[in-house]
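> Structure below; questions to follow.
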Amino acid sequence: MSKIELENMAPKRRRMMDMVMALGGLKEESAIPISRVNEAIAELKSKMEPLTEDILSFPEAYYHEFLERAKKNELVERIEDKGILEESIDNITNALDVHVSEPLTELLQLLEEKKGPTEDVEQDTSKSPDIDIDARLGSILEVLKEIEPIVEQLVEDSKKAAEKSQKDIAAIVESMEKLRDDMDSDSEQALESIQSLARQVRYSPLLRTTAQVKRAFADNRISQERFEELLKTNIYDELIRGVLVFVLRNTGSKTVVELADIMRVPSRHVQQAMVSVVQRGEAEMVGLEGNAPVFSLVLEETPDTTLVMKRLLQQLRSLSRSVGDKQQETLNEAVKRMEPLLETLQVLGEYDETTLSDSTNRLRELLDEVTESLLSSSSADESKDLRLLVSAGLEAFARFRLKITLEKGPNLVSGLNVYGEQLDEEVYKRMMSNYLENELERGTLLILIRELGAMNAEELAERTKIPQDRVFSHLLRMKKDELLTLAGERNGYVLYDVPRTPNEAEKTMRTVTSLASELALAREQIQEIMKDLTAKDIGRLTNSLDSFSKAREKMSTIEVGGSVIGAEILEGVEDKIKSAVSLAYRTRAKIPSTRPKVTIEDLVDIDVPSVMDDYRDQMGYAPLLGFGNIHWNMARCVGCKSCEISCPEDAIELLPIIEAPQMFEFSDEELDTLPSNKARFYRTVRNLAKQKPVTDITLEKKVPGFGKVDIDLWLCVACRTCVRRCPGPEGGALDLELKWNLPDVVQQIKSKA
């Protein structure tokens, strides 16, 4: 291909051509010499081995100290949540399956002793004792007053944590301002500075973008002018997004105006960056400050305390319609106090749940007592009492649509809806019967899970005698409504649990055992990779080391008995982990290809989806879909040139060539489907021939109705236009197969080069 053709080529087609030429061995300059690859890997291995020895050994030392501290502070004895106990046991079991650890083995024994033998707890169907509802409602207000200063303290703690990170943020912002001048004077130095900032903010899209542009410029695939343009647009925009995410991570929720002030960037640029970050699913709107939306990073998992508070607020709202006027005033006041508390927790995102553990558990117990008392005093014989029974049915209180249906449903029978339609009374009764049955069944399931801990569909079906398929359907719906959370597996079935607020001991045990499971897998992977380190393993090595880095950061926040566990151990390994991660990242940047170059003989027909999996590492970016093989069937072709005319990429041409041998391969059934003139021509040729031809016939010029369809696999983008436009019989003469024959494509490029 000429230089002009390459310059005019669409960017995505150019990237695909780079991949094909690299894989086919046509672009020698795109492949790093094997000597340089081996040199970089040998250097990485020599520097990494002394570091990995200490990195892999630090978790064991940490577990020893954690075990001693857990015994001293009776950590296991303070775990009350059966779901967390089961989860911790499963995590340690998974870790021990990968790597034997003495302290983890002993910790597992303590947890199993705490769990004890499984006992069936019979459901108490007796009537709940009468309680003083007014006193309980007063206690609810008192608990909410206790929670308010705790939440205020959490807000203050969040502000203090944000203030501590101001120094780092200020340094990053100052570097950003200096970059604007460097981009005009020294673009390459500016890119180095941006890469340094990318490592500080740890924003993956920024790291990838800078590495790709730097590599393309080094390989002379982009000009100096294009390099500077990308630096000032794409890369700088990605830098703004990275700093924005870093600020949200370290300072909590902010408005766009606040972010613009902190970052010293025009608000419109921050707004554009925020839109991109939200579209990527990295941030979300969590509230309003005046009329300005407040944004926060998307959490991997909503804190259980926030879910509990949300459910309790819904329960309070539902209860207010099932009590007397005086009690309703108390409940309304409780709702007014609780709404801003929940909103504040949602804005905070992540916080120390243990500070709210006792208060929220007490609040839940009080609400449950009031609920059970109202339920036990209800009668299902009358319509009003039935509404109270369902709307006050324990965990089912959270369903506003149930109350609305019960209150508004009769109007659809007695009157007309907005379309002038009236609901048949018998149909309404059947609908309501099914609906009420579903709601009561869900309430029953929630009661059992709340009282007995996490359960699966099989266990719930056995206890309630509800068919298992209905139980499963209810569980899925309640999970969607955030009334249930997933709590692991048992006997091959998913466990479901109600959101619970873990105490300090439960949260600590869950975190440590979860990290133990993750680190065991990362340890095994690092040991396997370091035995025979190759270029294709660098990405996996980086990810495994990053797991150790993140685990160490989490461990440094775990306190038992008023102090951080294993503080000296964690401090001693911090620099070594950072050095190892940095070494892996730098080596991966030096070697853009993580697989050796292959030859044409190595290439085979590859399913298009698997191209992404097989070659993502090698090319540094994911190959594009939209490529496949078009197969032409001469027996169905009428030579109309519809495919050639309609092809938007000029990938198809009807060549003046008649494949004479193929005429003698057609069956009578295939000839019968062709237009009569075409079929008569083929039959005449076959009858007149003395022997079967072995070569094609090349015509002097193109003749309508005859020829051979030639498809350029390189130009074809598998848009299916030709397949749809073909008027040939039996579905047409063209068929798309979602495979891309790379050898054929390479040969075509060779022939045109």
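> Modelled label-to-label distance, Lys336 and Lys536, 7 Å Cα→beta-carbon offset: nm?
6.8 nm
> Which order results if Val573, Val335 are arranged by neighbouring Cβ count within 10 Å, fewest first?
Val335, Val573
> Starting with the highest mean, order 507-513, 681-687, 492-498 by the number of other Cβ atoms within 10 Å, averaged over the residues of each peptide.
Details: 507-513: 22.4, 681-687: 13.0, 492-498: 19.0.
For the peptides 507-513, 681-687, 492-498, the packing ranking is 507-513, 492-498, 681-687.
> Between Ala170 and Leu476, how high is the FRET efficiency from 1/(1 + (r/R0)^6) when r is the Cβ-Cβ distance and R₀ = 60 Å? Nearest 0.05.
0.80
> So how much slack lies between Glu669 and Asn491, counting 0.36 nm per residue of separation and subtracting their Cα-Cα distance, in nm?
Computed gain between Glu669 and Asn491 is 58.4 nm.
> Another question, then. Please work out whether the range 650-689 counts as rounded, prolate or oblate from its C-alpha gyration tensor, where a ≥ b ≥ c are the square roots of the eigenvalues and a/c under 1.5 means rounded, while otherwise a/b larger than b/c means prolate and anything else oblate?
Working: a/c = 2.16, a/b = 1.58, b/c = 1.37.
Verdict is prolate for the range 650-689.
> Grab the Cα-Cα distance for Ser646 and Glu49, subtract it from 0.36 nm times how many residues apart they are, and report the gain in nm with one decimal.
Separation in residues times 0.36 nm, less the Cα-Cα distance, equals 208.9 nm.
> Can you list residues whose amide H is under 5 Å from Val560's amide H, if they're 5+ apart or on another chain and H is modeled 1.01 Å from N?
Ile565
> Would any residue of the range 519-561 have its amide N under 15 Å from a label point 7 Å out along Cα→Cβ of Val98? List them or say none.
Once the point is set 7 Å along Cα→Cβ of Val98, 519-530, 540-552 turn out to lie under 15 Å by backbone N, inside the range 519-561.
> Which peptide among 691-699, 579-587, 55-63 comes first, and what is the full order, when sorted by highest mean count of other Cβ atoms within 10 Å?
Peptide ranking by packing, descending: 55-63, 579-587, 691-699.
> Report the full-extension gain for the segment Glu437 to Glu528: residue separation times 0.36 nm, less the Cα-Cα distance, to one decimal in nm. Could you put the intermediate results ahead of the total?
On the way: separation 91, 0.36 × 91 = 32.76 nm, distance 5.54 nm.
Value of the extension gain: 27.2 nm.
Bear in mind that the values in this text are calculations on the coordinates, not laboratory data. No experiment lies behind these values; they were computed from the predicted model shown. Don't worry about glycine lacking a Cβ; one is built from the backbone with ideal geometry, like all the others, and counts go over all protein chains shown.
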